[in-house]
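**Q** Dropping the structure in here first, questions after.
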Amino acid sequence: MAAERIKKTTVIGSGAMGHGITELLAMNGYEVTMVDINDEILQKAKEKIQWSLGKFVEKKRIRQEDAEATLARIATTTSYEQAGKDADFAIEAAPENIELKKTIFAKLDQTTPSHSILASNTSTLSITEMGKSTQRPDRVAGMHFFNPPHQMALVEVIKGDGTSQETVSTLVELARKLGKTPVVVRKDVRGFIVNRVLIAASNEALWAYQRKEATILGIDASVKYSGGFPMGWFELADFSGLDIAYEVGRILYEAYGERFKPCSEVIDPLIKDHKLGQKTGMGFYDWTKGRPRIPFNLLDEYDVERSWAVAVNEAAWLINDGAANPEDIDTAMKLGTYWPQGPCEHADRTGLDVILNKLKELHAKYNMEMYTPCPLLEDYVGKGWIGKKTGRGLYT
Ligand SMILES: NC(=O)c1ccc[n+]([C@@H]2O[C@H](COP(=O)([O-])OP(=O)(O)OC[C@H]3O[C@@H](n4cnc5c(N)ncnc54)[C@H](O)[C@@H]3O)[C@@H](O)[C@H]2O)c1
């Protein structure tokens, strides 16, 4: 089905992401039925959308009549039958739990017309498994929006094992119609692109802290002020929620083994004490008095090239696995997390030989799997494809 045929849509789950995706779809002219487990939750979600549209009017980004027309395109219900019966496209943004998501996909399969495309906004769970719980795995895919969906430009479109190329193309087109930049994740790999590279890089810093090589403030100051990243790794983990970082980290460890060995000594006590970051007021930092102050003078405490080396290594694994190409990896990291440059561009500028040496040096020192170079890096360096200076690296 071509994206132009999508008129009516359904969003399952009206929480942080669901209500944002609903707003985005409705603002772009789609009729949306939003589903949740009870009417109170739906009512609150609708109020949030109304509030957000009001802000757009205030900032003169849309007119009052556009806000009203957008709201008029949104219906709410607790009934899958009602929501599904004439939907051309449905996306679920229910809690991150594979069994729940499989049940939701089975229900959507029964209640939506056979032509409709079913998508999941999961951050990391298996699209293939969700597809298998339907009779139409070819029309099931991942469509991973970032928070908040109306602001963040990136959408990862994920191909499950059973997803057809046509479905991927339709969702890429739909993302563009919503004003987003889609990147295609060609294999159903855990963490997709952004979470996988991001957690790899921040895990290195967590271990550096655990080994007492640098302080939390020193690492974050170096990452921000020397590295040019928008937030330090600890600040970002607190901001996103340590429970989420912990859960995604656990799934990555399950999928890729020792390369994602979690730094349990540091993170487990915080989870146990329910210090989950900004949302609970406490995490690595105390958020009760606002955003943490990260002092400029510590900007040399941690060598940011270590974070880059591990990020580049993970990007190399994505390329090696046939899951993504360098352009898409770089686009995803810049738009999904505001990195100052993508890991592949960084590698080609720095030199793959320099990155490889850094990984080898760290591996010799710490004997940890996260520093074992991806064979693709060894291969490229062996061929003399070391980046800009030789005309070929991860890019040509
Ligand atoms: N929060 C983020 O920053 C973020 C970013 C990208 C992706 N995601 C992913 O989006 C999904 C949703 O995350 P969230 O942060 O919006 O969660 P959330 O907890 O804010 O919202 C989930 C909503 O789903 C509802 N729900 C639960 N069971 C349901 C069911 N059976 N049918 C319909 N609705 C049901 C809940 O009542 C709740 O309103 C997750 O898969 C998450 O990994 C989250």
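The values are calculated or read from the model by the stated rules, or taken from the named source; none is laboratory data. No experiment lies behind these values; they were computed from the predicted model shown. Note that we place each Cβ from the backbone using ideal geometry, even for glycine, and neighbour counts take in every protein chain shown. Areas reflect the complete protein model, heavy atoms only, side chains present, ligands, DNA and RNA absent. Shrake-Rupley method; radii C 1.70, N 1.55, O 1.52, S 1.80 Å.
**Q** Scan the helices (runs of 4 or more DSSP H) fully inside the range 323-396 and keep the ones with 3 or more residues being within 17 Å of the chain's Cα centre (by Cα).
**A** Helices (runs of 4 or more DSSP H) meeting the threshold: 326-337.
**Q** Scan Thr167, Thr163, Thr134 and give me the residue that is in a helix (DSSP H, G or I), open to solvent by less than 40 Å² (accessible area, probe 1.4 Å) and more than 15 Å from the ligand (Cβ to nearest atom).
**A** After ruling out the rest, the residue left standing is Thr167.
**Q** Now a separate question. In the range 252-266, how many are touching a residue at least 60 places away in the same chain (Cβ under 8 Å), surrounded by fewer than 21 Cβ atoms within 10 Å (Cβ to Cβ) and of a type outside the set (Phe, Trp, Tyr)?
**A** Going through the range 252-266 one residue at a time, the tally reaches 8.
**Q** For Ala90, all conditions in the list (1) surrounded by fewer than 20 Cβ atoms within 10 Å (Cβ to Cβ); (2) not in a helix (DSSP H, G or I) hold save one; what is the number of the exception?
**A** Of (1) surrounded by fewer than 20 Cβ atoms within 10 Å (Cβ to Cβ); (2) not in a helix (DSSP H, G or I), only one is false for Ala90: (1).
**Q** So which residues in the range 147-181 are farther than 19 Å from Ser116 by Cβ and aliphatic (A, V, I, L, M), if there are any at all?
**A** Matches in the range 147-181: Met152, Ala153, Leu154.
**Q** Let me ask something else about it. Across the range 337-355, what is the total count of residues that are under 15 Å from Tyr371 (Cβ atoms) and open to solvent by 10 Å² or more (accessible area, probe 1.4 Å)?
**A** Number of matching residues: 1.
**Q** Among the residues of the range 146-160, count how many are open to solvent by 40 Å² or more (accessible area, probe 1.4 Å) and in contact with a strand residue (DSSP E or B) (Cβ under 9 Å, 6 or more places away or on another chain).
**A** 1
Here is a yes/no grid of residues against (1) surrounded by 18 or more Cβ atoms within 10 Å (Cβ to Cβ); (2) at pLDDT below 95; (3) hydroxyl-bearing (Ser, Thr, Tyr); (4) within 13 Å of the ligand (Cβ to nearest atom):
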| site | (1), (2), (3), (4) |
| --- | --- |
| Ala16 | no, yes, no, yes |
| Gly29 | no, no, no, no |
| Glu40 | no, no, no, yes |
| Lys44 | no, no, no, yes |
| Gly54 | no, no, no, no |
| Gln64 | no, no, no, no |
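**Q** Moving on. Under the condition of being open to solvent by less than 20 Å² (accessible area, probe 1.4 Å) and assigned to a helix (DSSP H, G or I), which residue from the range 173-182 is nearest to Met152 (Cα to Cα)?
**A** Within the range 173-182, the match that is nearest to Met152 (Cα to Cα) is Ala175.
**Q** Scan the range 138-145 and give yes if some residue there is within 10 Å of the ligand (Cβ to nearest atom), surrounded by fewer than 20 Cβ atoms within 10 Å (Cβ to Cβ) and either of a type in the set (Asp, Glu) or in contact (Cβ under 8 Å) with a residue 40 or more places away in the chain (or both), otherwise no.
**A** No, there is no match, as no residue in the range 138-145 is within 10 Å of the ligand (Cβ to nearest atom), surrounded by fewer than 20 Cβ atoms within 10 Å (Cβ to Cβ) and either of a type in the set (Asp, Glu) or in contact (Cβ under 8 Å) with a residue 40 or more places away in the chain (or both).
**Q** Given the criterion in contact with a helix residue (DSSP H, G or I) (Cβ under 7 Å, 6 or more places away or on another chain) and surrounded by 24 or more Cβ atoms within 10 Å (Cβ to Cβ), identify the matching residue among Ile117, Ile127.
**A** Among Ile117, Ile127, only Ile117 is in contact with a helix residue (DSSP H, G or I) (Cβ under 7 Å, 6 or more places away or on another chain) and surrounded by 24 or more Cβ atoms within 10 Å (Cβ to Cβ).
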